[in-house]
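Down below is the structure, laid out as structure tokens.
The values are calculated or read from the model by the stated rules, or taken from the named source; none is laboratory data. Note that the coordinates shown come from a computational prediction; the quantities given were computed from them, not determined experimentally. Because the Cβ atoms are built from the backbone with ideal geometry, glycine has one as well, and the counts that use them run over all protein chains shown.
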Amino acid sequence: MRSDIQNLIELQKADREILRLKEEIALLPKRVATIEAKLVGTRTTLEKAKAAIKADEALRRKSESAIQDLEQKISKYRDQSLEVKTNDQYKALMHEIQFAERDIRTNEDAILELMVNAEAREKDIKAETEEIEREKAEALKRTAEDEKQLAEWNRSRDVARAAVNSDLLRHYDRVAKHRGTGISEVREQKCLACQVMLRPQTYNEVRADGALVFCESCQRILYYDTSQAQPVVPVVNSKRRRPHPKFEASQAWYYQPSFQEYGEVLLAFINGDGRSRRRVYDVATGRQIGEICEREGEYRLAFPEDLRETIRLNGNWAESELDEWGTELPMVVLDTLHRDLDMARAEEVSRGHTRSEAVSSEHPAAS
């Protein structure tokens, strides 16, 4: 990969990280303000809780005083029970003691509930305050880390910019200013940034890793990462038999080694409505040669002169796709036809060897 391209890739990576870090740092004041607002609300709740605890303490003291009064009454009733003369008087005093004991239990339950509530309030407020303080500390720590990373990425960015050709750098800056990025990877004949298919010639130029190539759609600088390329499985040495095209088909593709003055070409024929149409493409670039030719009858009868010494290829794409491709075959289509041509030639070589072996066995050389 060209050094300029590699430096631009590093530059774009640095630009993206710098932008992300700046945005994250810019959000800190709002985040801290939100945390502070939560803390203020918690403190307000804490003050209310403290006031409620004071009120509960007053109720607790009141209940404790009531218990003391009731205990004194019980003691008094017990003393009186020792002096009564009749059974009715004794029963009446016992009832008074029971009522007093019931009131004591009621006040004790109230005191216990007040104590539990106060403890729960203090625990909840303390936990919430600690959580908010922790969030604030983490936000400040993250910002410090972001600022440190930002300084490092700025240094990397300066190094990358210094290593790029000045004219190329100006183009990168101009495109990045309007589109967010100035360089894009190419994969499967497509600019990954704008998702627009490239012309076969442009795709070949990018893969050749020679001259600089720009996307005709978005103007980004293009590069091809060989590590992302799909491995090409050799088909010539494959043991699987090549599928042969159907003899009767509405569409047919041929390799013609000597077509008029153009030499090696690919021929595409389409049959339909009693007529046939022929398209001619350069075998190396996939560019269309001349206009679409249309004649009466099925293509074998309409274009017999084009089918001499040809190799029939596997290929079947809708005519609407061919129209959409315009004057150049997509690289994936061109590669498919080339692979099938290699397999067809390998079959021819294999059949030639077989015939030679058969002739040799029938007519052995004289000893």
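Quick rundown of the values:
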read-out	value
Selected residue (criterion: nearest to I35 (Cα to Cα)) from residues of the stretch 106-120 that are free of Cβ contacts under 8 Å to residues at least 12 places away in the same chain and surrounded by 11 or more Cβ atoms within 10 Å (Cβ to Cβ)	A120
Those residues of the stretch 121-147 which are farther than 30 Å from D56 by Cα and either surrounded by 13 or more Cβ atoms within 10 Å (Cβ to Cβ) or in contact (Cβ under 8 Å) with a residue 40 or more places away in the chain (or both), in sequence order	E135, K136, A139, L140, R142, T143, D146, E147
Residue within the stretch 72-92 that is outside any helix (DSSP H, G or I) and surrounded by 13 or more Cβ atoms within 10 Å (Cβ to Cβ) present	yes
Residues of the stretch 275-305 satisfying the condition of being of a type in the set (G, A, S) and in contact with an Asp or Glu (Cβ under 7 Å, 6 or more places away or on another chain)	S276, G286, A302
Top-ranked residue in the stretch 262-305 [being in contact (Cβ under 8 Å) with a residue 60 or more places away in the chain and out of contact with any Ser or Thr (no Cβ under 8 Å at 6 or more places or on another chain); ranked as surrounded by the fewest Cβ atoms within 10 Å (Cβ to Cβ)]	T285
Whichever residue in the stretch 214-252 is β-branched (V, I, T) and within 30 Å of N314 (Cβ to Cβ) and, among such residues, is modelled with the lowest pLDDT	V235
Hits in the stretch 175-205 - residues which are in contact with a Phe, Trp or Tyr (Cβ under 7 Å, 6 or more places away or on another chain), over 15 Å from D335 (Cβ atoms) and not in a loop (DSSP other than H, G, I, E, B)	I183, E185
